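**Student:** Mind looking over this structure? Questions follow.
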Amino acid sequence: MNPPLPIAILGSGRGSNFLALAGAINKGEVHARVVLVASDLAQAPILQHATTMGLPTYTCPPGRFKTKLEPEIETGLAGAIQQSGAALIVLAGYMRVLKPPLLQPFSGRILNIHPSLLPAFKGLEAWKQALEAGVPETGCTVHWVDDSLDGGPIIRQEKVPVLPDDTAASLHARIQEAEHRLLPAVVADLAAGRIPWAGPGRF
Ligand code: GRF
């Protein structure tokens, strides 16, 4: 059997997907280990969860932009991930667009979870976009990350119905329940070699 897949997780927010993945790892459902939890926001709850769990963390220094990191800050983040030995990067609510300093060294080894059935409803607050569009179902997607916005190759999706009395909050909560199943399942399959990697794969 391979050694556990070393994973770095990047997030900017609550970290519920990180908790779902870490929980599945701890239960032995995913043959992986979290080697780094990184955030662009020092106050992000995901960092506090990681610290409580005794996992290594990395916080990017504050930069000038909200939607991307400055090249030297992203280079620092990439260096920390490389040093951690991560073979896979999981974006779990990471709110910045990735640029070449991170995309190039980890090409084909970065995945993201997005709260819609891509290619529908790319971008922010996808559950609100779905509600406003009046679609009968939406869902979540795990996909490989490339230089497009939410446009990399899709790995797997889970559908979620939109109910007549849904609010943005209730729909988002139901999508998140699906995310918490989908993300650990995909990482488990990647770690076990049951689904192909986009790039050179684990090293
Ligand atoms: C999730 O809905 C994910 O799809 C999106 O950001 C949210 C992160 O939530 N990319 P959390 O921080 O994992 O709770």
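**Student:** Long-range amide H contacts for R33: which residues qualify at under 5 Å (H placed 1.01 Å from N, peptide plane, sequence gap of 5 or more or a different chain)?
**Tutor:** L5, I7
**Student:** Could you derive backbone 3J(HN,Hα) for region 109-126 from the dihedral phi with the Karplus parameters 6.51, -1.76 and 1.60 (θ = phi - 60°), listing whole Hz in sequence and x where the residue is Gly or Pro?
**Tutor:** Once rounded to whole Hz, the list reads 10, 10, 10, 9, 10, 10, x, 7, 8, 4, x, 6, 6, 6, x, 6, 6, 4.
**Student:** For the chain, take the longest principal axis of its alpha carbons; what is the angle in degrees between that and the long axis of helix 71-84, to the nearest 10 within 0 to 90?
**Tutor:** Orientation of helix 71-84: about 70 degrees from the principal axis.
**Student:** Roughly speaking, what is the centre-to-centre gap between region 35-110 and region 155-191 when only Cα atoms are used, to the nearest Å?
**Tutor:** The distance from the Cα centre of region 35-110 to that of region 155-191 comes to 23 Å.
**Student:** Related question: Output the relative contact order of region 86-157, whole-number percent, from Cα pairs under 8 angstrom with separation of 6+ residues.
**Tutor:** Values: 107 pairs, mean separation 22.3, N = 72.
It rounds to 31 percent for region 86-157.
**Student:** For a quick check: with amide H placed at 1.01 Å from N, whose amide H comes under 5 Å from V162's, ignoring anything fewer than 5 positions away on the same chain?
**Tutor:** Here the answer is E137, T138, since their amide H atoms fall under 5 Å of that of V162.
**Student:** In addition: Give a quick list of trypsin sites (Lys or Arg not before Pro) in region 77-149 that DSSP marks as loop, anything other than H, G, I, E or B, with at most 15 other Cβ atoms within 10 Å. Mind dumping the intermediate values first?
**Tutor:** Numbers: sites: R96, R109, K122, K128; in loops: R96, R109, K122.
Within region 77-149, the qualifying trypsin sites (Lys or Arg not before Pro) (loop, at most 15 other Cβ atoms within 10 Å) are K122.
**Student:** Students often get this wrong, so check it: of K66/K159; K27/K99; K68/K128; K66/K128; K99/K122; K27/K128, which have C-alpha atoms separated by over 27 Å? Display every interim value, and only then the final one.
**Tutor:** Values: K66/K159 31 Å; K27/K99 34 Å; K68/K128 23 Å; K66/K128 21 Å; K99/K122 18 Å; K27/K128 33 Å.
Pairs exceeding 27 Å: K66/K159; K27/K99; K27/K128.
**Student:** Residue by residue through region 10-16, which ³J(HN,Hα) values in whole Hz follow from phi under the Karplus form 6.51 cos²θ - 1.76 cosθ + 1.60 (θ = phi - 60°), with glycine and proline marked x?
**Tutor:** Per-residue couplings from phi come out as 10, x, 10, x, 5, x, 5 Hz.
**Student:** Pick out, from V162, L118, V145, the residue whose Cα sits farthest towards the positive end of the charge dipole of region 95-193, with +1 on the Cβ of Lys and Arg and -1 on the Cβ of Asp and Glu.
**Tutor:** Towards the positive end, the residue furthest out is V145.
**Student:** Next question. Per-residue counts of other Cβ atoms within 10 Å, averaged by peptide: what ranking do you get for 171-177, 52-58, highest first?
**Tutor:** My ranking of the peptides, most packed first, is 171-177, 52-58.
**Student:** Let me ask you something else. Would you mind giving the three semi-axes, in whole Å and largest first, of the ellipsoid equivalent to region 1-46 according to its Cα gyration tensor? Kindly include the intermediate steps, with their values, before the conclusion.
**Tutor:** Details: eigenvalues 97, 27, 6 Å².
Those come to 22, 12, 5 Å.
**Student:** For the chain, report the % of Cα-Cα distances exceeding 28 Å. Could the numbers behind the result be given before it?
**Tutor:** Numbers: 4674 of 20503 pairs.
Roughly 23 percent, once rounded to a whole number.
**Student:** Mind checking the angle between helix 168-191 and the chain's longest principal axis? C-alpha axes, 0 to 90 degrees, to the nearest 10.
**Tutor:** For helix 168-191, the angle is close to 40 degrees.
**Student:** Let me ask you something else. For region 4-119, what is the relative contact order in percent, using Cα pairs closer than 8 Å and at least 6 residues apart in sequence? Write down the numbers at each step before the final one.
**Tutor:** Values: 198 pairs, mean separation 36.4, N = 116.
Over region 4-119, the number comes to 31 percent.
**Student:** Expressed in nm², what is the orientationally averaged projection area of the convex hull enclosing the Cα positions of region 61-135? If you can, show how the numbers build up before the last one.
**Tutor:** Working: hull surface 23.2 nm².
Mean shadow area of the hull around the Cα atoms is 5.8 nm².
**Student:** Enumerate the residues in region 46-89 having an amide nitrogen under 17 Å from the point lying 7 Å beyond the Cα of K99 toward its Cβ.
**Tutor:** Backbone N within reach: 60-80.
**Student:** Please check: in the Gaussian network model of the chain (C-alpha springs, under 10 Å), which one of A32, A185, A169 has the largest mean-square fluctuation.
**Tutor:** Looking only at A32, A185, A169, the largest GNM fluctuation is found for A169.
**Student:** Spin-label point model (7 Å from Cα, Cβ direction): what's the I154 to A192 distance in nm?
**Tutor:** 2.3
**Student:** Using a basic spin-label model with each label point 7 Å from the Cα along Cα→Cβ, how many nm lie between S107 and T75?
**Tutor:** 1.9
**Student:** With a cut-off of at most 15 other beta carbons within 10 Å, and DSSP calling the residue loop, which GluC sites (Glu not before Pro) in region 107-160 qualify? Please list them.
**Tutor:** Details: sites: E125, E132, E137, E158; in loops: E125.
Counting only loop positions with at most 15 other Cβ atoms within 10 Å, the GluC sites (Glu not before Pro) in region 107-160 are E125.
Read-outs: derived from the displayed coordinates by stated rules, not from any lab. Quick caveat, the model's predicted, so the values are computed rather than measured. Counting neighbours? That spans all protein chains shown, and the Cβs are built from the backbone with ideal geometry, glycine included.
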